[in-house]
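Below: the structure, in structure tokens.
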Amino acid sequence: MVKKVVWYVLLFIVIQYVALALVYVGNILINGKDATLGTPQMLLVQGIFAVICVALFLGFRWTPVSVHYWNTRPFSVIFWCIIAAVGTIAPSLWLQSVLDFLPDLAGEELLDFIQHRWGYLVVCILAPLAEEVIFRGAVLRTMLEHWEGSKRWTAITISALLFALAHMNPAQMPHAFLLGLLIGWLYERSRSLIPCVVLHCANNTIAYLMTAAYPAPDITLRDILGGSARAEWMAVGFSIMILIPALYQLSIRLKR
């Protein structure tokens with residue numbers, strides 16, 4: 001089990017560098033040896049990386065998929081996954097402001113991605129799909145096969161930690177870890193990637209829209225709310241009031 005998990009995570013990292021190398025060499029052949037990789041090229045790297053990951057993990061059945069769960073018509077689950085994603089956004093922004101000492105190594109790059117016309121496709125569709133195929137469909141599934149019952153939260157926690165570390169950006173890691181716990185719980189209950197991909201795509205879409213509306217890399221929730229600490233706490237409380245009912249609805253609608 002450990003060997004499989006390590007192999008999946010290492011492959012996730014290696015594929016990123018393979019995609020980078022492919023685009024880098026192609027860019028040199030087209031534009032000359034002094035050409036640098038701009039935003040379009042880096043988006044292409046991320047797109048190629050996502051496609052290769054999904055193709056490999058599905059092709060070799062490291063991530064088994066079927067239409068069984070979709071045939072159960074899980075539309076209410078999909079709805080509550082989106083609501084849960086909405087409920088996480090204010091607490092996430094608050095947490096980011098509390099942990100503002102963590103270096104943000106990808107803030108400027110993410111802003112460039114969002115301002116590009118292909119940014120949404122890569123950031124909100126392809127990236128979440130690839131990450132769910134690997135970290136829930138392969139990594140977490142493998143651990144759950146060995147750690148059922150009382151140990152299932154050990155598997156969920158380890159997969160969430162690996163998911164956070166794989167972002168390689170300290171500023172993103174706390175939110176990624178908490179998101180990994182939530183999505184891992186969804187997978188453990190449903191044993192399907194559909195709720196996982198929906199919530200992940202919704203989370204990234206909300207972050208995409210927030211960044212597009214407030215492009216300053218270091219903006220906080222309090223700044224967005226006009227500098228009011230009271231408004232900040234009210235926003236966090238209101239978001240939690242959205243998140244808790246969503247989690248409750250998901251808990252009764254998802255089968256173990």
Practice task
Filter the helices (runs of 4 or more DSSP H) completely within the range 99-191 down to those with at least 3 residues that are open to solvent by 10 Å² or more (accessible area, probe 1.4 Å), farther than 22 Å from A50 by Cα and in contact with a Ser or Thr (Cβ under 9 Å, 6 or more places away or on another chain).
Solution key: 173-190
Fill in the blank from the handout: Of G87, G59, the only residue that is free of Cβ contacts under 8 Å to residues at least 24 places away in the same chain and either loosely packed, with under 15 Cβ neighbours inside 10 Å or of a type outside the set (K, R) (or both) is G59
Practice task
Name every residue in the range 226-244 that is of a type outside the set (A, V, I, L, M) and either surrounded by 14 or more Cβ atoms within 10 Å (Cβ to Cβ) or not in a helix (DSSP H, G or I) (or both), in order of residue number.
Solution key: G226, G227, S228, E232, W233, S239
Practice task
Residue by residue through the range 52-79, note down the ones that are among the aromatic types (F, W, Y) and out of contact with any helix residue (DSSP H, G or I) (no Cβ under 8 Å at 6 or more places or on another chain).
Solution key: F60, F75, F79
Completion exercise
Sole miss for W62 among (1) assigned to a helix (DSSP H, G or I); (2) modelled with pLDDT of 90 or more is condition (1)
Exercise for the section: Evaluate the range 181-200: report whether one residue or more is within 23 Å of F79 (Cα to Cα) and polar (S, T, N, Q). Expected result: yes
Fill in the blank from the handout: Only one of (1) assigned to a helix (DSSP H, G or I); (2) open to solvent by 60 Å² or more (accessible area, probe 1.4 Å); (3) over 22 Å from A155 (Cα atoms); (4) out of contact with any helix residue (DSSP H, G or I) (no Cβ under 6 Å at 6 or more places or on another chain) does not apply to L44, and that is (4)
Practice task
Residue by residue through the range 110-168, note down the ones that are of a type in the set (G, A, S) and under 22 Å from V198 (Cβ atoms).
Solution key: G119, A127, A130, G137, A138, A155, S159, A160, A164, A166
Problem - Among residues of the range 199-225, those that are in contact (Cβ under 8 Å) with a residue 60 or more places away in the chain and part of a helix (DSSP H, G or I), counted - result: 16
Completion exercise
Given the conditions (1) within 20 Å of the chain's Cα centre (by Cα); (2) farther than 27 Å from H116 by Cα, every one holds for S228 apart from (1)
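The values are calculated or read from the model by the stated rules, or taken from the named source; none is laboratory data. The model shown is predicted, which means the values in this text are computed figures rather than measured ones. Ideal geometry is used to build each Cβ from the backbone, glycine not excepted, and the neighbour counts take in all protein chains shown. Ligands, DNA and RNA are excluded from the accessible area calculation, which covers all protein heavy atoms including side chains. Shrake-Rupley method; radii C 1.70, N 1.55, O 1.52, S 1.80 Å.
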